[in-house]
1. Can you pull out the chymotrypsin sites (Phe, Trp or Tyr not before Pro) in the range 34-78 whose DSSP state is coil and whose Cβ has at most 11 other Cβ atoms within 10 Å?
2. With N set to the number of residues, divide the alpha-carbon radius of gyration of the chain by 2.2 N^0.38 Å and report two decimals.
3. Could you do me a favour and compute the accessible area per residue for the chain, 1.4 Å probe, result in Å²?
4. What dipole magnitude, in Debye to the nearest 20, does the chain give about its Cα centre under +1 on Lys/Arg Cβ and -1 on Asp/Glu Cβ?
5. Would you pull out the residues with amide H under 5 Å of residue 14's amide H, same chain only if 5 or more places away, H placed 1.01 Å from N?
6. Whenever you get a sec, compute what percent of the accessible area on the chain sits on carbon and sulfur atoms (1.4 Å probe).
7. Helix 49-67 versus the longest principal axis of the chain: what angle, 0 to 90°, nearest 10, using Cα atoms?
Amino acid sequence: MTGYWLGVDIGTGSSRAILLDSSGAEAAAVSIPHEEMRMEQPLWAEQRPENWADASFEAIQGALAAANITGNQVRGVG
């Protein structure tokens, strides 16, 4: 069984997932935008964590589908 490693990055505008194969080559990468940051008061910046989670889950599912693998083949997450 070939193992894969999954990286997840949550940024201010999108959440991203990348899968690397056992040789370190990119197997798939997906980026899903999420709601923009709100700045309703000076020095305040707000985003909804639920939106980060939804976008992250969608990016992970998309990367798994693009690489044509299942979560059981992922050896680690970072």
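1. Sites meeting the loop and neighbour criteria: 44.
2. Ratio of Cα Rg to 2.2 N^0.38 Å: 1.27.
3. So the chain comes to 66 Å² accessible per residue, rounded to a whole number.
4. 260 debye
5. Amide H to amide H, under 5 Å and 5 or more residues apart or across chains, residue 14 pairs with 34.
6. Details: 2760 of 5110 Å².
That fraction is 54 percent.
7. Value to nearest ten degrees: 20.
The values are calculated or read from the model by the stated rules, or taken from the named source; none is laboratory data. In this text, all values refer to a predicted model and were calculated from it rather than measured experimentally. Note that we place each Cβ from the backbone using ideal geometry, even for glycine, and neighbour counts take in every protein chain shown. These area figures cover heavy atoms from the full protein model, side chains too; ligands, DNA and RNA do not enter into them. Shrake-Rupley method; radii C 1.70, N 1.55, O 1.52, S 1.80 Å.
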